[in-house]
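K.L.:
Pasting a structure here, questions to come.
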Amino acid sequence: MVSKEVILTQGGLEKLEKELDYLKSTKRREVADRIKTAISFGDISENSEYEDAKNEQAFIEGRIITLEKMLRNVKLINEETDSETVSVGSTVTLKDLEFDEDFEYTIVGSAEANPAENKISNESPVGKAILGKKLNDVVEVSVPAGILKYQIVKIS
C-alpha cells in the first residue's frame, strides 16, 4: 500500500522528530516503570493502575508507529516561496469581504496544521481555495454556513 505524502516545513519536521525521540527514549521508559510498579501490587486482574499504564503504553506505541510512517513519507516544502502565487509555505493575508476583517494564515501540510497558530492545511477548504491564486484574487469558500468570500491582500 502506498502511503500518503506528508508535507512539512523544516520546523514541522524537527518537531515530529523531537516528539518521536521523546516517546522512544523517555515516555516508553516511564510507562514501563509504571507497569512494573503496578505488577508489584499483586493481582493485576483488578488493578486500575496496571490497566491505565497498559492503555497509555498502547497509545504511545501507536503514536510511535504513526510518527515513523509519517517521517518515512516526508516531503519538505521550500519555505522561500515567491510572493506572486499562493503555495504551501506561503503566509497569506485574506480580507473577509463580508465583515471587512483581515486574517493571516500560513499554508502548511495537514500534519503541521494548527489553527491556534494560524497554520492551516493545504487540504482545508480555505487552503484549497487559495492555492495557486495571486494577489488581489477573490476566492469563494464553501462552508456549512454558506459561502465566504475572501480577497488575497498579501502573499509572503
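The values are calculated or read from the model by the stated rules, or taken from the named source; none is laboratory data. Given the structure is predicted, the values throughout are model-derived calculations rather than measurements. Ideal geometry is used to build each Cβ from the backbone, glycine not excepted, and the neighbour counts take in all protein chains shown. Accessible surface is based on the protein model in full, side chains and every heavy atom, while ligands, DNA and RNA are left aside. Shrake-Rupley method; radii C 1.70, N 1.55, O 1.52, S 1.80 Å.
K.L.:
If packing is taken as the average number of other Cβ atoms within 10 Å across a peptide's residues, how do 35-44, 102-111, 63-72 rank, most packed first? Walk me through the numbers before you get to the answer.
P.N.:
Numbers: 35-44: 12.0, 102-111: 18.9, 63-72: 13.8.
Descending mean neighbour count gives 102-111, 63-72, 35-44.
K.L.:
For the stretch 64-115, with every protein chain kept in place, what is the accessible area per residue (1.4 Å probe, Å²)?
P.N.:
Details: 2980 Å² over 52 residues.
Normalised by residue count, the accessible surface of the stretch 64-115 is 57 Å².
K.L.:
Using alpha carbons only, how many degrees (0 to 90, rounded to 10) separate the axis of helix 10-22 from the longest principal axis of the chain?
P.N.:
10
K.L.:
Over the stretch 78-117, what is the relative contact order in percent, taking alpha-carbon pairs closer than 8 angstrom and at least six residues apart? Before the final figure, lay out each step's value.
P.N.:
Values: 39 pairs, mean separation 12.1, N = 40.
Over the stretch 78-117, the number comes to 30 percent.
K.L.:
I'd like the orientation of helix 28-40 relative to the chain: the angle between its Cα long axis and the longest Cα principal axis, in ° from 0 to 90, rounded to 10.
P.N.:
Orientation of helix 28-40: about 30 degrees from the principal axis.
K.L.:
Taking the alpha-carbon centroid of each part, what is the distance from the stretch 14-48 to the stretch 121-156 in angstrom?
P.N.:
Distance between centres, Cα-based: 44 Å.
K.L.:
If the limit is 23 Å between Cα atoms, which of K95/K119; K15/K154; K133/K154; K95/K134; K75/K154; K24/K119 go over it?
P.N.:
As for pairs spanning more than 23 Å Cα to Cα, those are K15/K154; K75/K154; K24/K119.
K.L.:
Taking Cα atoms, how many degrees apart are the long axis of helix 48-72 and the longest axis of the chain, rounded to 10 and kept between 0 and 90?
P.N.:
40
K.L.:
OK, next. Of the heavy-atom accessible surface of the chain (probe 1.4 angstrom), what whole percent is carbon and sulfur? If you can, show how the numbers build up before the last one.
P.N.:
Values: 4970 of 9840 Å².
That share works out to 51 percent.
K.L.:
Let me ask you something else. Between E68 and Y22, how high is the FRET efficiency from 1/(1 + (r/R0)^6) when r is the Cβ-Cβ distance and R₀ = 22 Å? Nearest 0.05. Don't skip to the answer; put the middle values down first.
P.N.:
Values: r = 14 Å, r/R0 = 0.62.
For R0 = 22 Å, the calculated efficiency reads 0.95.
K.L.:
While we're here: Relative contact order for the stretch 31-156: what percent, with Cα pairs under 8 Å and sequence separation of 6 or more? Numbers along the way, then the final one.
P.N.:
Working: 186 pairs, mean separation 25.3, N = 126.
In percent, rounded to a whole number, it is 20.
K.L.:
Evaluate 2.2 N^0.38 Å with N set to the residue count of the stretch 24-156, then give the Cα radius of gyration divided by it.
P.N.:
Numbers: Rg = 22.5 Å, N = 133, 2.2 N^0.38 = 14.1 Å.
Its radius of gyration relative to the 2.2 N^0.38 Å reference: 1.60.
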